[in-house]
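Asks: Below you will find the structure I want to go over with you.
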Amino acid sequence: MERFNKPKRIYSMMVVDDSSVIRRKIERAAEGAFFRVVATAGCGKEALIAFDKFHPELVTMDITMPHMDGIACIERLIAKEADLRILVVSALADKATGIEALEKGARGFLSKPFTQKQLNDALCELVED
Amino acid sequence: MTEEALQVFIEGVLNYFRHTADKGVKVGSPYLAEDIEPIMHDFTGIIGVSGPYRGSVYFSAPKLLLTHLLLALGEVDTSAENILDLVGEVANTISGNARKSFGREFLISVPVMIEGVIDKLYTPKHTRCFVIPVYWKSYAATVVVCLEH
């Protein structure tokens, strides 16, 4: 049984993670579930550039990345678009990191490792009204 | 490092592999690297740890295990580039999950990935290194935790 309602439309999405294997895992899982990946980025700096170019409606965000980490990137993205829906997908499993990400403007937190169903549930929850 | 701290990493390894399609993962009895030299494999991911805990965490695995793991994750590109990426991601996930127990002051670096068997552990002087043997499918891998607190 599904925990969340299926989205009513397709949402554009950006995947930010320094691991290309994880970026593609998220892309594969998301594209079967009402989400269309319009951009990917390997660090916070790349994400800011890609956001300006593609204007995704939601973002999955890793935390530990080179050049600019996920927490700093969330702050910058929210400054650009306050209503942006950001799901943190990170191995950092402590509560304090999750709380900091939410305080900066993220709307959800999914701990790595994750299953396809866990990711789909988290994405569907992110776009529920 | 205490037995409880070592258990955090054992749980991290088990948790990682239990999220794959084949959940049959086992760990062997941990031992000190100064007693028996750890078996390092074709690819190794290394995470540096700073803050109150200092040292490094290694995940080392043979190419075949990592190729199989990539396929289990749904990745069809099993190039050396993706294998290196994956070995770093496993090390990162095991280390990052440890913050659930150690808190946010357990600061971890981005992974350093090495192709080829390493013959030396890079760790602060006088730090004791514990080796956790990992068995998944028919493969063996190694986690080495070198931390001082």
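The values are calculated or read from the model by the stated rules, or taken from the named source; none is laboratory data. Note that the structure is a prediction, hence the values are computed from the model and not measured. Because the Cβ atoms are built from the backbone with ideal geometry, glycine has one as well, and the counts that use them run over all protein chains shown.
Asks: Tally the residues that are in a helix (DSSP H, G or I), of a type outside the set (D, E, K, R) and within 16 Å of the chain's Cα centre (by Cα), restricting the search to the range B:94-117. I'd like the intermediate steps shown before the answer.
Replies: At the first step, the residues of the range B:94-117 found to be in a helix (DSSP H, G or I) are B:94-97, B:99-102.
Okay, now just the ones that are also of a type outside the set (D, E, K, R), so B:94-97, B:101-102.
From what's left, within 16 Å of the chain's Cα centre (by Cα): B:94-97.
Summing the residues that are in a helix (DSSP H, G or I), of a type outside the set (D, E, K, R) and within 16 Å of the chain's Cα centre (by Cα) in the range B:94-117 gives 4.
Asks: Report, by residue number, each residue of the range B:74-83 that is in contact (Cβ under 8 Å) with a residue 24 or more places away in the chain and buried (at least 20 other Cβ atoms within 10 Å of the Cβ). Give the steps one after another, and end with the answer.
Replies: Step one: filter the range B:74-83 for residues in contact (Cβ under 8 Å) with a residue 24 or more places away in the chain, giving B:80, B:83.
Scanning the range B:74-83 gives a single hit, B:83.
This table checks each residue for (1) surrounded by fewer than 20 Cβ atoms within 10 Å (Cβ to Cβ); (2) of a type in the set (A, V, I, L, M, F, W, C).
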residue	(1), (2)
B:48	yes, no
B:51	yes, no
B:62	yes, no
B:67	yes, no
B:86	no, yes
B:97	no, no
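Asks: Being within 12 Å of chain A (Cβ to nearest Cβ) and either in contact with a strand residue (DSSP E or B) (Cβ under 8 Å, 6 or more places away or on another chain) or closer than 15 Å to residue B:145 by Cβ (or both) is the requirement here; does residue B:48 meet it? Before you say what the answer is, go through the steps one by one.
Replies: On the way: within 12 Å of chain A (Cβ to nearest Cβ): yes; either in contact with a strand residue (DSSP E or B) (Cβ under 8 Å, 6 or more places away or on another chain) or closer than 15 Å to residue B:145 by Cβ (or both): yes.
Judged against the criteria, residue B:48 is a match.
Asks: Looking only at the range A:3-31, how many residues end up being in contact (Cβ under 8 Å) with a residue 12 or more places away in the chain and part of a loop (DSSP other than H, G, I, E, B)?
Replies: Total satisfying the criteria: 10.
Each row is one residue, and each column tells you yes or no for (1) assigned to a helix (DSSP H, G or I); (2) at pLDDT below 95; (3) within 27 Å of residue A:109 (Cβ to Cβ).
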{"site": "B:40", "(1), (2), (3)": "no, yes, no"}
{"site": "B:46", "(1), (2), (3)": "no, no, yes"}
{"site": "B:74", "(1), (2), (3)": "no, yes, yes"}
{"site": "B:84", "(1), (2), (3)": "yes, no, no"}
{"site": "B:92", "(1), (2), (3)": "yes, no, yes"}
{"site": "B:119", "(1), (2), (3)": "no, yes, no"}
{"site": "B:127", "(1), (2), (3)": "no, yes, no"}
{"site": "B:133", "(1), (2), (3)": "no, no, no"}
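Asks: With the condition kept exactly as written, say whether any residue in the range A:50-68 is of a type in the set (Val, Ile, Thr) and more than 10 Å from chain B (Cβ to nearest Cβ).
Replies: Here is the first cut: in the range A:50-68, the ones of a type in the set (Val, Ile, Thr) are A:59-60, A:63-64.
Next cut, more than 10 Å from chain B (Cβ to nearest Cβ) only: A:59-60.
Looking for residues that are of a type in the set (Val, Ile, Thr) and more than 10 Å from chain B (Cβ to nearest Cβ), one finds at least one in the range A:50-68, hence yes.
Asks: Looking for something closer than 21 Å to residue A:112 by Cβ, among the charged types (D, E, K, R), in contact with a strand residue (DSSP E or B) (Cβ under 8 Å, 6 or more places away or on another chain) and surrounded by fewer than 18 Cβ atoms within 10 Å (Cβ to Cβ) - is there at least one such residue anywhere in the range A:22-40?
Replies: Just the residues of the range A:22-40 that are closer than 21 Å to residue A:112 by Cβ, to begin with: A:22-33, A:35, A:37, A:39-40.
The next check asks that each one be among the charged types (D, E, K, R); those that pass are A:23-25, A:27-28, A:31.
Among the residues that remain, those that are also in contact with a strand residue (DSSP E or B) (Cβ under 8 Å, 6 or more places away or on another chain) are: A:23, A:27, A:31.
Now narrow it down to the ones that are surrounded by fewer than 18 Cβ atoms within 10 Å (Cβ to Cβ): A:27, A:31.
Yes, some residue in the range A:22-40 is closer than 21 Å to residue A:112 by Cβ, among the charged types (D, E, K, R), in contact with a strand residue (DSSP E or B) (Cβ under 8 Å, 6 or more places away or on another chain) and surrounded by fewer than 18 Cβ atoms within 10 Å (Cβ to Cβ).
One line per residue, one yes/no per condition, for (1) touching a residue at least 12 places away in the same chain (Cβ under 8 Å); (2) in a helix (DSSP H, G or I); (3) touching a helix residue (DSSP H, G or I) at 6+ places or on another chain (Cβ under 6 Å):
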{"site": "A:52", "(1), (2), (3)": "yes, yes, no"}
{"site": "A:56", "(1), (2), (3)": "yes, no, no"}
{"site": "A:67", "(1), (2), (3)": "yes, no, yes"}
{"site": "A:79", "(1), (2), (3)": "no, yes, no"}
{"site": "A:118", "(1), (2), (3)": "no, yes, no"}
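Asks: Quick check on this structure: which one of A:96, A:91, A:101, A:106 is buried (at least 21 other Cβ atoms within 10 Å of the Cβ) and within 11 Å of chain B (Cβ to nearest Cβ)? Talk me through it step by step, then tell me what you get.
Replies: Working: A:96 fails: buried (at least 21 other Cβ atoms within 10 Å of the Cβ); A:101 fails: within 11 Å of chain B (Cβ to nearest Cβ); A:106 fails: within 11 Å of chain B (Cβ to nearest Cβ).
Answer to the check: A:91.
Asks: Right, here's the next one. Is it fair to say residue B:16 is touching a Gly at 6+ places or on another chain (Cβ under 9 Å) and either part of a helix (DSSP H, G or I) or over 17 Å from residue A:22 (Cβ atoms) (or both)? Write out each step before concluding.
Replies: Working: touching a Gly at 6+ places or on another chain (Cβ under 9 Å): no; either part of a helix (DSSP H, G or I) or over 17 Å from residue A:22 (Cβ atoms) (or both): yes.
Spelling it out, it is not the case that residue B:16 is touching a Gly at 6+ places or on another chain (Cβ under 9 Å) and either part of a helix (DSSP H, G or I) or over 17 Å from residue A:22 (Cβ atoms) (or both).
Asks: Residues B:57, B:25: which one is surrounded by 15 or more Cβ atoms within 10 Å (Cβ to Cβ) and modelled with pLDDT of 95 or more? Break it down stepwise before answering.
Replies: Working: B:25 fails: modelled with pLDDT of 95 or more.
None of the other options fit; the residue is B:57.
Asks: If you check residue B:78 against the conditions, is it at pLDDT 95 or above, within 12 Å of chain A (Cβ to nearest Cβ) and in a loop (DSSP other than H, G, I, E, B)?
Replies: Spelling it out, residue B:78 is indeed at pLDDT 95 or above, within 12 Å of chain A (Cβ to nearest Cβ) and in a loop (DSSP other than H, G, I, E, B).
Asks: Could I ask something else about it? What is the number of the single condition among (1) in a loop (DSSP other than H, G, I, E, B); (2) charged (D, E, K, R); (3) over 21 Å from residue B:85 (Cα atoms) that residue B:11 does not meet?
Replies: (1)
Asks: Test residue B:123 against the stated conditions and say whether it is among the polar types (S, T, N, Q), more than 10 Å from every other protein chain (Cβ to nearest Cβ) and touching a Gly at 6+ places or on another chain (Cβ under 9 Å). Quick ask: steps written out before the conclusion?
Replies: Values: among the polar types (S, T, N, Q): yes; more than 10 Å from every other protein chain (Cβ to nearest Cβ): yes; touching a Gly at 6+ places or on another chain (Cβ under 9 Å): yes.
Yes.
Asks: Looking at (1) within 17 Å of the chain's Cα centre (by Cα); (2) at the interface with chain A (Cβ under 9 Å from one of its Cβ atoms); (3) within 17 Å of residue A:113 (Cα to Cα); (4) not small (Gly, Ala, Ser), which is the only condition residue B:87 fails?
Replies: Residue B:87 satisfies every listed condition except (2).
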